[in-house]
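Note sheet for the following structure.
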Amino acid sequence: MSPPFDAKPANPVRLAFEATPRDDSVIVNIGPSHPATHGTIQVIAELDGEKIRQVDVHCGYLHRGFEKECEAHTWHNLIPYVDRLNYCSGLINNFAYCEAVEKLMGVQITPRCRYLRTLLSEYSRIADHLTCIAASLMELGAMTAFLYLVMIRDYVYEHLADLTGARVTYTYGRIGGLARDLPKNWLTRLDEILVKYEDFVGRIHGLMDRNRIFIDRTRNVGVISAVDAVNWGFTGPVLRSTGVPRDLRKDTPYLAYDALDFEVPVGINGDNYDRYYVRMREMDESVYMIRQLMDMLPPGPINVDDRRCVLPEKHLVYSEIESLINHFKLIMDGPQVPAGDVYSAQEAPNGELGFYLVSAGDGTPHKVHVRSPSFVHMGGLKRLLEGYQLADIIPTFGSINMIGGECDR
Amino acid sequence: MAARILELLQQRIAPAIREASLAHGVVVLVLSPVDLLGTVRRLKAEFGFDMFLDVTAVDWPAQSPRFEVVHHFYSTTHRVRVRLKTRVPAEDPTVDSLVSLYGSACFMERECHDMYGIVFRGNPDLRPILLYEGFVGHPLRKDYPKQQEQPLVPYRTPQAG
């Protein structure tokens with residue numbers, strides 16, 4: 001089935017336009033592995049001097065057959081895979097996937113789990129936005145801002161490692177609950193980190209917001225109108241930067257978001273500066289939400305009492321035959337999910353992260369499809385790049401926050 | 001809100017719909033492939049479904065027609081999602097493209113074409129996006145083996161001696 005090898009390997013990419021379309025234009029290839037882009041992506045640009053006439057964006061260099069692999073594993077076994085979609089906020093991927101399976105199974109999670117998932121989602125969102133802002137500022141030369149932000153991010157990562165055992169790929173969600181409850185004094189440390197966060201993000205505002213160089217590079221660069229953004233399927237901060245207050249947490253509240261008080265920050269211009277600012281404000285809202293959740297966190301179990309999906313406690317597995325069989329069946333056959341399909345979406349840091357799951361009624365999925373915001377954003381990236389300067393590719397691409405793991409699956 | 005939209009859809013575009021239901025808060029419409037483009041045009045113009053979220057396919061090798069093409073739309077005004085399902089046979093897996101209505105359709109249809117070989121009539125750019133030029137087959141079809149390898153350059157074999 002595989003193609004015969006030629007003497008010279010074929011180009012894996014076919015150009016969208018002629019190699020030399022006009023006499024005065026030059027074709028420049030950027031990527032797929034370029035030091036100034038944090039993500040494996042290829043941009044083929046036709047330049048008129050420094051100005052971009054048209055671009056052809058190629059992704060897929062991180063494609064690893066995620067959806068194919070999912071069809072060969074039980075529903076539980078996929079949880080470590082979904083971590084690796086958006087590896088800046090693995091927890092939100094976990095929870096979005098688990099929620100989709102729970103909808104299909106008709107499982108209602110416990111109140112403590114609901115609030116804890118909400119809290120951790122917002123905590124992840126902060127980490128994700130910190131990464132995005134830090135990287136895009138560093139690409140514009142702001143090394144101090146990068147170090148401040150990444151320092152806070154590492155406090156968050158270490159704090160999450162204390163809870164989940166891993167810095168980035170947490171595998172903390174479970175169908176019907178969570179892996180474990182909070183360790184002792186976790187919330188106290190959370191409070192300390194939030195105070196540090198406010199200090200350092202205040203410094204970023206001071207360094208960047210009215211910085212001439214930063215404004216010159218970002219204001220009126222990569223502009224998109226609200227109508228275009230909707231037409232190109234943009235969601236998340238990219239859409240909100242154009243002034244559309246669309247946020248799934250407000251529009252179709254899930255988890256515990258309907259019990260929280262928060263605002264949806266929107267931009268005016270839909271340019272790089274607005275995307276930066278919307279993300280900064282969203283982090284503040286997340287901190288505000290986390291503070292509310294810390295007070296609201298109800299006591300009680302974190303897992304539902306449902307033997308179809310939740311593993312029995314270890315001491316029971318070792319002492320009674322029913323639990324042993326239950327454990328065995330859940331591990332070997334997987335949770336039996338009723339036949340049907342479901343589309344469930346959550347507001348991930350980059351936009352709408354949707355899982356379309358199809359079950360044929362057994363322990364492995366028939367199909368798992370991820371509606372990843374990054375992939376859709378890559379489809380509209382050319383709208384943001386064309387007409388601007390070659391050097392604007394870097395800040396514009398940075399402000400989209402494309403995550404290869406999620407885009408290419 | 002979703003129930004109200006479902007009711008309206010059933011009243012107004014009834015002949016095109018084979019089945020209509022509400023599943024997990026999403027309006028689900030089953031259509032035949034010929035009605036797809038017309039229905040989507042009306043969904044966008046009359047019901048405010050301005051955002052094209054996703055297109056994918058589901059492979060049911062034992063059933064006929066074999067592929068189920070699944071579209072998802074969202075209305076930013078009504079905050080409702082709608083799912084359209086159409087069935088296409090393996091011999092001619094063709095549906096109409098939505099690039100004339102939504103910009104986001106281009107990349108998503110390219111991906112679906114890569115993975116399932118669904119042909120989107122009217123999409124001028126169905127080059128591989130997640131796969132590469134020259135890839136043989138459609139990996140998410142159930143008859144594509146999971147372990148299948150298609151290296152672009154031959155593997156090096158250790159030299160004897």
Name the residues in the stretch A:205-216 that are charged (D, E, K, R) and under 14 Å from A:Tyr277 (Cβ atoms), would you? A:Asp209, A:Arg210
Working only within the stretch A:78-91, note down all residues that are farther than 16 Å from A:Tyr356 by Cα and modelled with pLDDT of 90 or more. A:Pro80, A:Leu91
Considering only residues that are surrounded by 22 or more Cβ atoms within 10 Å (Cβ to Cβ) and outside any strand (DSSP E or B), look in the stretch A:53-62 and name the one that is farthest from the other protein chains (Cβ to nearest Cβ). A:Cys59
Which listed residue is in contact (Cβ under 8 Å) with a residue 24 or more places away in the chain and within 14 Å of A:Arg174 (Cβ to Cβ), from A:Pro312, A:Pro349, A:Pro335: A:Pro335
State which residue is farthest from the other protein chains (Cβ to nearest Cβ) when the search covers only the stretch A:104-138 and only residues that are of a type in the set (Ser, Thr, Tyr) and out of contact with any Pro (no Cβ under 8 Å at 6 or more places or on another chain). A:Tyr123
Residue list for the stretch A:347-406, filter: of a type in the set (Lys, Arg), in contact with a Phe, Trp or Tyr (Cβ under 9 Å, 6 or more places away or on another chain) and in a helix (DSSP H, G or I): A:Arg383
Take the conditions buried (at least 17 other Cβ atoms within 10 Å of the Cβ), within 17 Å of the chain's Cα centre (by Cα), at pLDDT 90 or above and β-branched (Val, Ile, Thr) and apply them to B:Val58. Does it pass? yes
Subset of the stretch A:347-358 (residues that are touching a helix residue (DSSP H, G or I) at 6+ places or on another chain (Cβ under 6 Å) and either within 11 Å of A:Cys70 (Cα to Cα) or hydroxyl-bearing (Ser, Thr, Tyr) (or both)): A:Leu357
In the set A:Leu248, A:Leu182, which member is surrounded by fewer than 22 Cβ atoms within 10 Å (Cβ to Cβ), touching a residue at least 24 places away in the same chain (Cβ under 8 Å) and in contact with a strand residue (DSSP E or B) (Cβ under 7 Å, 6 or more places away or on another chain)? A:Leu248
Taking the stretch A:218-243 only, how many residues are buried (at least 20 other Cβ atoms within 10 Å of the Cβ) and within 14 Å of another protein chain (Cβ to nearest Cβ)? 13
From the option list A:Asp295, A:Asp284, A:Asp274, single residue qualifying as among the charged types (D, E, K, R), without any contact (Cβ under 8 Å) to a residue 12 or more places away in the chain, farther than 30 Å from A:Gly363 by Cα and part of a helix (DSSP H, G or I) is A:Asp295
Count of residues meeting criterion [of a type in the set (Phe, Trp, Tyr) and within 7 Å of another protein chain (Cβ to nearest Cβ)] in the stretch B:119-140: 1
Unique match (being among the acidic types (Asp, Glu) and exposed (fewer than 13 other Cβ atoms within 10 Å of the Cβ)) among A:Glu313, A:Glu347: A:Glu313
If you go through the stretch A:44-69, how many residues are touching a residue at least 40 places away in the same chain (Cβ under 8 Å), out of contact with any Pro (no Cβ under 8 Å at 6 or more places or on another chain), of a type outside the set (Phe, Trp, Tyr) and over 13 Å from A:Phe17 (Cβ atoms)? 7
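The values are calculated or read from the model by the stated rules, or taken from the named source; none is laboratory data. Predicted model only: the values in this text are computed from it and were never measured. We place every Cβ from the backbone using ideal geometry, glycine too, and count neighbours over all the protein chains shown.
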